[in-house]
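Step one of this worksheet: look at the structure below.
Only the coordinates and a few stated rules stand behind these numbers; no lab work does. Treat the numbers as computed from the prediction; the structure is a model and nothing was measured. Ideal geometry is used to build each Cβ from the backbone, glycine not excepted, and the neighbour counts take in all protein chains shown.
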Amino acid sequence: MGAGHGHRLHFHGHSVVHRAPAHLKILLLLGFVLTVVATPREWYPVFGGYLALLLGVVLLARVPLTYLLPRMVVEVPFLLFAALMPFVAEGPRVALPLGGWEVSVSESGLMAAWGLAVKGTLGVLASLTLAATTEPTDVLRGLQRLRLPDLLVQIMGFMIRYLDVVTSDLGRMLTAMRSRGVDPRSPRHWPALARTLGALFVRSYERGERVHLAMLSRGYDGRLPGDAR
Amino acid sequence: MTPVLEIRDLAFAYPDGHQALFGVDLHVHQGERVALLGPNGAGKTTLVLHLNGILSGETGHGDGSVAVSGLPVTKKNLLEIRRRVGVVFQDPDDQLFMGSVRADVAFGPANLGLKGAALEKRVLDALDRVGMADFADRPPHHLSFGQRRRVAVATVLAMEPEILVLDEPSSNLDPASRRELADILRDLDVTLLMVTHDLPYALELCPRAVVLSDGRVVADGRTYDALTDEALMRAHRLELPWGFDPRTIAVDSLPR
């Protein structure tokens, strides 16, 4: 519970991209992602252009790629799904040379996999770039300036604030499980893990009630005061 | 003179039927520092939640009245009551819910309608009083536990309360943070009600102690007298830490 450690996604810096107003960056990200998603997947060179544009922004922000790439693991489940598609999809099949072997895969599945992988990767990289160059509180302020309903902004704010608290709650519960000879990773002990997660939910819910009490005690009336942000 | 806090014949039962308070009477005058002592389950927290109207006869089955500087605690007066009574809860993670220390301390006064430079000044003054002004732009969850407890005190001080209510201020603090907080609390010029199990802390900071047991006030007098009354202590599950004897403390080092 010491002091220090910044947000895991934010990369401290003072570049043009870091200093740009948050609401502008959010709009650009949204525009970029929508454009990428709407681009027909057969336009291969265009995706190269998108990637070059994105890498240009990353370069301008002076965020090292070695910082962004490891954080792209969130995308792995989608990539696995994409890799499966050529094998399970129907339709005309093509032979694909794969390290001396000829593998017969579905042509439409292959296209779908390509589309999913390239659009997903571009989207994740763009989002990580926003996260790396913008403090979470600035993202919230940006969303607010974009007139996102206040309630949603409040909920996201609390999520950012309490993520570390809840994660460390979970960490302590897992340590306690291990200390009593239960390995949370072993499927044999998944029932115990499930009960722990249930307990974590109840704990967090009760914390929510206590936080609400503390807010009421300081005159909260349903709206976060604008000046306090 | 109107007491800052006037509790009359306060009784309360939770909606599930559990009766927590049976007719509590308590007056606290301006500038007093009072320790509220009692074993677990004595009703201390229930009493604290009545002071700013979180609980009242309207939410459960209750009787009696609470008034702060003459203003009765009722739904109609809640906002003003919550300005006058500053409650610091036990877990600072419950109290600090905004993204930065500055925003958190500003939350209360901004709810009271303060804006701009006046708000900024109020926030920095409050942080200064607990020695945390250098941390204004840090997110609360990046502070140490002792620092978070101090910021929690500042969030309440920023509302300029007439009475500061602390729930277990010394719990979970290491000895150095515990002493630093004591130094801060001693220097605050504010009426104080401190709920605690830490009897040496009560003796160090509060000249007066009120003992609550089973929802009743069973003693109200000098803290020194309560802690040296062995029959009273034993009857209400109060125990001094091993090796601590109030009688060995020089009389002129006790708070007045």
Net +/- balance of residues flanking B:Pro207 in space, Cβ distance below 11 Å, scoring K and R +1, D and E -1: +1
Can you list the aspartates and glutamates whose alpha carbon sits under 16 Å from that of A:Lys25, skipping same-chain ones fewer than 8 residues off? A:Glu135, A:Asp138
Excluding same-chain residues fewer than 8 positions from B:Lys75, which lysines have a Cα within less than 28 Å of its Cα? B:Lys44, B:Lys115
Taking B:Lys76 as the anchor, which aspartates and glutamates have their alpha carbon closer than 17 Å to its alpha carbon, excluding any fewer than eight residues away along the same chain? A:Asp221, B:Glu58
The protein assembly as shown: calculated mean residue ellipticity at 222 nm from DSSP helix runs of at least 4, using -39500 (n - 2.57): -15500 deg cm²/dmol
Spin-label model distance (nm) - A:Leu59 vs A:Leu79, 7 Å beyond Cα toward Cβ: 2.3
Put +1 on the Cβ of each Lys and Arg and -1 on the Cβ of each Asp and Glu in the stretch A:149-228; which of A:Ser204, A:Met156, A:Ser179 then has its Cα farthest toward the positive end of the dipole? A:Ser179
Quick one: if the Förster radius is 35 Å, what FRET efficiency do A:Leu152 and B:Leu71 give, using the C-beta to C-beta distance and rounding to 0.05? 0.45
Relative contact order %, chain B, counting alpha carbon pairs below 8 Å whose residues are six or more apart: 24
Pick out the long, greasy-scoring helices in chain A: whole DSSP H runs spanning 20 Å or more along their own axis by Cα, mean Kyte-Doolittle at least -0.5. A:22-38, A:44-61, A:107-133, A:150-179, A:190-217
Residue-averaged beta-carbon neighbours from other chains (10 angstrom radius) around B:140-148: 4
Please quote Rg/Rh for the stretch A:149-228 to two decimal places, taking the Kirkwood radius as Rh and restricting both calculations to Cα atoms. 1.13
Less than 10 Å Cβ to Cβ from B:Val68, Lys/Arg counted +1 and Asp/Glu -1: what total charge do the surrounding residues give? 0
In peptide A:203-215, how many Cβ atoms from other protein chains are near each Cβ within 10 Å, on average? 4
Sorted by Cβ neighbour density within 10 Å, fewest at the top, the residues B:Arg150, A:Arg223: A:Arg223, B:Arg150
Across 5 Å bins beginning at 0, the whole-percent shares of Cα-Cα pair distances in chain B come to 1, 6, 13, 17, 18, 17, 13, 9, 4, 1, 0, 0
Quote the convex hull volume per residue of the protein assembly as shown, based on C-alpha atoms, as a whole number of Å³. 213
Show me the three semi-axes of the equivalent ellipsoid for the stretch A:166-207, from the C-alpha gyration tensor (sqrt of 5 times each eigenvalue), largest first, rounded to whole Å. 19, 11, 7
Taking 56 Å as R0, compute the FRET efficiency from the Cβ-Cβ separation of A:Arg41 and B:Glu80 and round it to 0.05. 0.35
What is the local net charge at A:Leu110, summed over the other residues whose Cβ is closer than 13 Å to its Cβ (Lys, Arg +1; Asp, Glu -1)? -1
